[in-house]
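Laboratory data are not the source of any read-out in this text; all were calculated from the coordinates shown. No experiment lies behind these values; they were computed from the predicted model shown. Methodologically, a virtual Cβ is constructed for each residue, glycine included, from the backbone with ideal geometry; neighbour enumeration extends over all protein chains shown.
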Amino acid sequence: MALTGIEIFKLLPKTNCGDCGVPTCLAFAMNLAAGKAELSACPHVSDEAKETLSEAAAPPILPVTIGTGDKALKIGGETVMFRHEKRFENPAGIALLISDTMADAEVDARLKKSKELIYERVGLLLETNLVALKAESGDAAKFAALAGRVKDNSDANIILMSEKADVLAAGVKACADRKPLLYAATKDNADSVAALAKENDCPTTVKADGLEELAALTEKLAGAGLKNIVIDSASRTVKQALEDQIVIRSAALNKKFRPLGYPTIVFPCEMTDNPMKEAMIASMLMAKYAGIIVLSDFKGESLFPLLVERLNIYTDPQRPLATTEGIYEVGGPAENSPVLITTNFSLTYFLVSGYLESSRVPSWLLVKDTEGLSVMTAWAAGKFSADIIAPFVKKCGITDKVKHQKLIIPGYAAVESGGLEEELPGWEILVGPRDGAHIPGYIKTWQP
Ligand code: SF4
């Protein structure tokens with residue numbers, strides 16, 4: 001059970017030195033209990049107190065890492081029920097199911113899909129993170145061969161699925177250095193799967209029928225020293241799965257119930273045979289707290305929306321996605337190419353540069369840092385006015401790249417054109433369209 005602010009306070013030095021950034025130990029204790037401070041901010045806490053306090057400092061949903069290196073997937077670490085309260089921390093993993101009863105050609109085709117279905121949006125790569133290897137043959141050697149094949153031919157993180165400890169052990173042996181997620185410890189095999197996870201330092205899933213049994217089993221594994229735990233409430237109907245997701249999250253966050261304070265794994269692939277329904281279930285569970293979503297197949301038309309949904313849910317609502325300020329070249333511009341300016345809200349930048357690209361008119365695009373605000377909002381907030389744009393145009397270096405002195409500003413900032421002509425003597429300020437979709441038509445009329 002997480003500690004209260006007063007319980008934490010009793011363990012602090014009580015010197016009120018202020019080194020942690022707040023004036024009193026009591027204030028620091030309250031912040032720690034609310035998840036608003038890190039224990040490491042107090043340099044004076046004793047080692048014994050540290051051990052006890054680390055539980056209070058841990059997020060209500062513990063973080064779990066699957067895999068190694070740059071591609072490792074971190075899930076959990078969540079602290080809020082609703083994104084607008086703060087933010088969701090670690091994007092859910094999306095896994096493609098591969099069975100050991102599949103032919104090698106099918107396995108290879110699936111690995112290829114998981115590698116190639118990558119999309120770029122607002123400057124970010126949207127991709128999946130996992131393959132879930134399911135032992136359906138019951139043959140340990142076959143399962144080990146599949147794990148070895150995947151290890152050799154893919155850098156995706158691995159989930160090993162079998163409730164038979166000996167089969168699971170064979171799979172682990174083939175890819176232990178990739179730190180796969182073991183699936184699953186149940187009431188019948190908990191001791192042997194826990195031993196396997198400990199021996200190979202792998203994260204493990206706990207699966208049980210119902211939340212009470214699940215909590216008892218996570219306590220057992222935590223008691224055995226396992227920290228990297230993912231949970232599966234074994235519900236395979238949509239209604240029950242959704243209910244479990246919400247109850248688990250609420251128990252961990254609102255009731256501080258540590259035995260359910262772990263990221264979850266869900267299986268839309270086992271809830272329907274209809275691919276579109278599966279995509280819809282995955283979408284719902286993505287919004288409602290799934291840590292890992294296992295899909296029966298990857299298809300571009302259903303995977304892409306899911307990846308975009310994940311991007312939207314896991315961006316920080318208090319920090320707009322922003323592009324770096326600077327000069328961007330679109331289509332290899334030259335000294336007589338048009339110069340446009342916009343703001344650094346990522347979506348604005350990618351829409352404008354996309355429309356410019358589609359016009360096939362090579363252009364210079366100046367992107368002004370407006371703290372990630374769109375043109376209209378930045379202008380209204382006084383961050384995209386003549387006295388801010390002009391110094392940027394002078395300093396950014398565009399005058400060394402073009403022979404003309406014409407600047408196209410967005411239609412929504414038209415009112416700044418007079419001010420800009422005063423601030424940029426010699427420059428002609430042209431007002432472009434308000435809607436980015438009209439840029440291609442507008443830019444084709446460009447004359448230096
Ligand atoms: S740094 Fe530690 S001892 Fe000092 S006020 Fe903060 S909590 Fe108290």
Q) Just to be sure, is E219 surrounded by fewer than 22 Cβ atoms within 10 Å (Cβ to Cβ), of a type in the set (D, E), within 20 Å of P63 (Cα to Cα) and over 20 Å from the mean Cα position of the chain (by Cα)? A) yes
Q | Residue under evaluation E7, criteria (1) without any contact (Cβ under 8 Å) to a residue 60 or more places away in the chain; (2) within 26 Å of A252 (Cβ to Cβ); (3) buried (at least 17 other Cβ atoms within 10 Å of the Cβ), criterion not met | A | (3)
Q) Restricting attention to segment 431-445, which residues are of a type outside the set (G, A, S), surrounded by fewer than 16 Cβ atoms within 10 Å (Cβ to Cβ) and in contact with a Ser or Thr (Cβ under 9 Å, 6 or more places away or on another chain)? A) K444
Q. Within segment 38-59, which residues are within 9 Å of the ligand (Cβ to nearest atom) and without any contact (Cβ under 8 Å) to a residue 24 or more places away in the chain?
A. A41
Q) Just one of the numbered conditions (1) within 16 Å of the ligand (Cβ to nearest atom); (2) touching a residue at least 12 places away in the same chain (Cβ under 8 Å) is not true of A27; which one? A) (2)
Q.
Restricting to segment 391-431, name every residue that is under 39 Å from the mean Cα position of the chain (by Cα) and not aliphatic (A, V, I, L, M).
A. P391, F392, K394, K395, C396, G397, K401, P410, G411, Y412, E416
Q: Please state which of the following conditions G77 fails to meet, knowing it meets all the rest: (1) under 30 Å from L125 (Cα atoms); (2) within 16 Å of the ligand (Cβ to nearest atom).
A: (2)
Q: List every residue pair whose Cβ atoms lie under 6 Å apart, where the two residues are 6 or more positions apart in sequence or sit on different chains, the first residue falls within segment 126-146 and is part of a loop (DSSP other than H, G, I, E, B), and the second residue, located anywhere, is surrounded by fewer than 17 Cβ atoms within 10 Å (Cβ to Cβ).
A: E127/I118; E136/T101; S137/T101
